[in-house]
Amino acid sequence: MAGRPGTNPTTYSPSLKTQKTRSTIFKDQEIDWVRPDGRGFQQCRPAFFRTGAVTAASGSAYAEFGNTKVIVSVFGPRESKKAMMYSDIGRLNCNVSYTTFATPVRAQGSDRKEFSSMLHKALEGAIILETFPKTTVDVFALVLESGGSDLPVVISCASLALADAGILMYDLVTSVSLSCLGKNLVIDPILEEESYQDGSLMITCMPSRYEVTQLTITGEWSTPKINEGMQLCLDACSKLANIMRSCLKEATTSSQE
Amino acid sequence: MGGLSLGEKNFIQGGIAQDLRSDGRKRLTYRPVSVETGVIPQANGSARVRMGATDVISSVKAELGKPSSLQPDKGKVSIYVDCSPTAAPMFEGRGGDELSTDLSVALQCCLLGGKSGAGAGIDLSSLIVVEGKMCWGLYIDCLVISSDGNLLDALGAAIKAALSNTGIPRVLVAAGASGDEQPEVDISDEEFLQFDTSDIPVIVTLTKVGRHYIVDATSEEESQMSSAVSISVNRKGHICGLTKRGGAGLDPSIILDMISVAKHVSEQLINKLDSEIAAAEAGEDDS
């Protein structure tokens, strides 16, 4: 079948993008990067959130930022077989996994242990654990398609799912990442931009309290650049929080009708 | 170490507020550091670093491999940390996995730079043998033998010392290798190339207890922390990586303040480490 040209249906053909060798777009430091999807350097992708995606879970949310699609479901507070010891504050258990079709090249769908622990750290500062002693809240995140800036989308979606489940939190947690390409700071990078980046900054914050719960910087940065990057991200985080709040309000008004 | 009583907690916090910690140090003073290199003869490079009661060993092994197709002119480095049960009984089996993953990720973030390889502490292009076909892969494995706080700083120092001690064998490529075939290489047993480690950053962890920051916390002090920020600074004073650890939120201005304090502290630490490493290497050559 593969050997007969001209008889293949033209409805869909798998792309051969993975066979091409990666061209070096960025040899010269002077060239300004033009973003493939036409956004400005300080423009985030349009965010789409929907709560109540999984009916079996206590709370759930689906987020779509361009090509990055994530679904998070929250179970609990419930008894956990793993927790042997009595504790007078609740436990949080996080798990982030990728589907096998999430990446351009099929990879074994596995847990990302480091993403799971980063999600845990991002959320534990915001959840009021004292309200559910002796029980556990499980947060399961599944990345359906990885289009760049995955962990920030997972974190924002997870905090929306926790809000949908009714778990008491100090504030919504939002997260944005920033890439440094040459001398440009590019916010909310896509997969292609992430592979060329010289450095990255990922910030997770609670916008109303103006507190940073997690910050990860890789690559070489000077202090004024870090300052500029942090201000950009914090601004984007507060705008994202407004979008998340309006999504939650919509969900409650539509359920009241 | 069991739980701390309320009196002990107040003692630690009060001491830090008055710039006098339980062992007599000031807030921004490190414990005495001792470095030994060449502790593992079979590895290409190794080092053991002791900071007070924290004891870590780091070893570097170099193996020939194929470079990744995305970056054909760069070698590969992978960093892995293992917490041994000798440090704490809870590290046996899977117990130490979470801490190991945390430390490995933090070290990779601090030492390996961005995806394109820029800003990396280690110069990856010096590891290439035949562009696109063969490169050295450095496998950096660290072992935590005894843990008394401040593991990340000790691991960073151990990696720096191990890399200064690393000798990569000289490789002679047979001429006339064609097309897709693997070129024939002759790995010399005699000549070694020393690694240039002057650009490798050090990691400074600032632990926030109450309203003050301390450097090089012991495990008692770490149990009282509200949050910690680990900053990797190189000799030029540039930040090569930063991770915030710990649960509580921090105001952004506090983070910027911590960065400037870390830069200030890192100058002394870099000088101290360099002199210790040089002394260890000299001592090893004599014996």
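The values are calculated or read from the model by the stated rules, or taken from the named source; none is laboratory data. From a predicted model like this one, the values you see are computed outputs, not experimental measurements. Every residue, glycine among them, receives a Cβ derived from its backbone with ideal geometry; neighbour counts consider all protein chains shown. Please note that ligands, DNA and RNA were not included when accessible areas were found on the heavy atoms of the full protein model with its side chains. Shrake-Rupley method; radii C 1.70, N 1.55, O 1.52, S 1.80 Å.
Consider B:Asp199 carefully, then state whether it is within 14 Å of chain A (Cβ to nearest Cβ), of a type in the set (Asp, Glu), over 21 Å from A:Leu178 (Cβ atoms) and open to solvent by 10 Å² or more (accessible area, probe 1.4 Å).
Numbers: within 14 Å of chain A (Cβ to nearest Cβ): yes; of a type in the set (Asp, Glu): yes; over 21 Å from A:Leu178 (Cβ atoms): yes; open to solvent by 10 Å² or more (accessible area, probe 1.4 Å): yes.
Here the answer is yes, as B:Asp199 does meet what is asked.
Whenever a residue of segment A:226-252 is closer than 15 Å to A:Met206 by Cα, its partners that are of a type in the set (Ser, Thr, Tyr) and assigned to a helix (DSSP H, G or I), lying with C-beta atoms within less than 7 angstrom and at least six residues away or across chains, give the pairs A:Leu240/A:Ser156; A:Met244/A:Ser156.
Table: residues versus (1) open to solvent by 20 Å² or more (accessible area, probe 1.4 Å); (2) more than 13 Å from every other protein chain (Cβ to nearest Cβ); (3) part of a strand (DSSP E or B).
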position	(1), (2), (3)
B:Val56	no, yes, yes
B:Ser69	yes, no, no
B:Val81	no, no, yes
B:Met90	yes, no, no
B:Glu98	yes, no, no
B:Asp102	yes, no, no
B:Ala106	no, no, no
B:Ser125	yes, yes, no
B:Val129	yes, yes, yes
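When you scan segment A:180-197, do you find a residue that is in contact with a helix residue (DSSP H, G or I) (Cβ under 7 Å, 6 or more places away or on another chain), assigned to a helix (DSSP H, G or I) and surrounded by fewer than 24 Cβ atoms within 10 Å (Cβ to Cβ), even just one? No; the residues of segment A:180-197 include none that is in contact with a helix residue (DSSP H, G or I) (Cβ under 7 Å, 6 or more places away or on another chain), assigned to a helix (DSSP H, G or I) and surrounded by fewer than 24 Cβ atoms within 10 Å (Cβ to Cβ). Residues in segment B:178-196 that are farther than 29 Å from B:Ala278 by Cα and either open to solvent by less than 80 Å² (accessible area, probe 1.4 Å) or at pLDDT 85 or above (or both): B:Ser178, B:Gly179, B:Pro183, B:Val185.
Across segment A:163-179, the number of residues qualifying as more than 20 Å from B:Ile254 (Cβ to Cβ), assigned to a loop (DSSP other than H, G, I, E, B) and under 19 Å from the mean Cα position of the chain (by Cα) comes to 1. Each residue in segment A:36-55 was checked for being open to solvent by 90 Å² or more (accessible area, probe 1.4 Å) and more than 15 Å from the chain's Cα centre (by Cα), and 3 pass. Only residues that are at the interface with another protein chain (Cβ under 9 Å from one of its Cβ atoms) and over 14 Å from B:Pro252 (Cβ atoms): list them for segment A:183-221, please. Hits for segment A:183-221 are A:Glu194, A:Ser195, A:Tyr196, A:Gln197, A:Asp198, A:Gly199, A:Ser200, A:Thr216, A:Thr218, A:Gly219, A:Glu220, A:Trp221.
Being open to solvent by 30 Å² or more (accessible area, probe 1.4 Å) and not in a loop (DSSP other than H, G, I, E, B) is the filter here; which residues of segment B:15-33 pass it? Passing the criteria: only B:Ala17.
Here the condition is being open to solvent by less than 10 Å² (accessible area, probe 1.4 Å) and in a strand (DSSP E or B); of A:Cys205, A:Cys157, A:Cys233, it holds for A:Cys205 alone.
Give the residues of segment A:72-114 that are touching a residue at least 60 places away in the same chain (Cβ under 8 Å), open to solvent by 40 Å² or more (accessible area, probe 1.4 Å) and either under 22 Å from A:Met169 (Cα atoms) or of a type in the set (Gly, Ala, Ser) (or both), sorted by residue number.
Initially, segment A:72-114 is screened for residues touching a residue at least 60 places away in the same chain (Cβ under 8 Å), giving A:72-78, A:94, A:104-105.
Right, trim to open to solvent by 40 Å² or more (accessible area, probe 1.4 Å) and you get A:75, A:77-78, A:104-105.
Answer for segment A:72-114, where residues must be touching a residue at least 60 places away in the same chain (Cβ under 8 Å), open to solvent by 40 Å² or more (accessible area, probe 1.4 Å) and either under 22 Å from A:Met169 (Cα atoms) or of a type in the set (Gly, Ala, Ser) (or both): A:Phe75, A:Pro77, A:Arg78.
Listed here are the strands (runs of 3 or more DSSP E) enclosed by segment B:203-287 that have at least 1 residues being more than 14 Å from chain A (Cβ to nearest Cβ) and either in contact with a strand residue (DSSP E or B) (Cβ under 8 Å, 6 or more places away or on another chain) or within 28 Å of A:Cys233 (Cβ to Cβ) (or both): B:212-215.
Can you confirm whether B:Glu36 is away from every other protein chain (no Cβ under 14 Å) and part of a helix (DSSP H, G or I)?
Values: away from every other protein chain (no Cβ under 14 Å): yes; part of a helix (DSSP H, G or I): no.
It is false that B:Glu36 is away from every other protein chain (no Cβ under 14 Å) and part of a helix (DSSP H, G or I).
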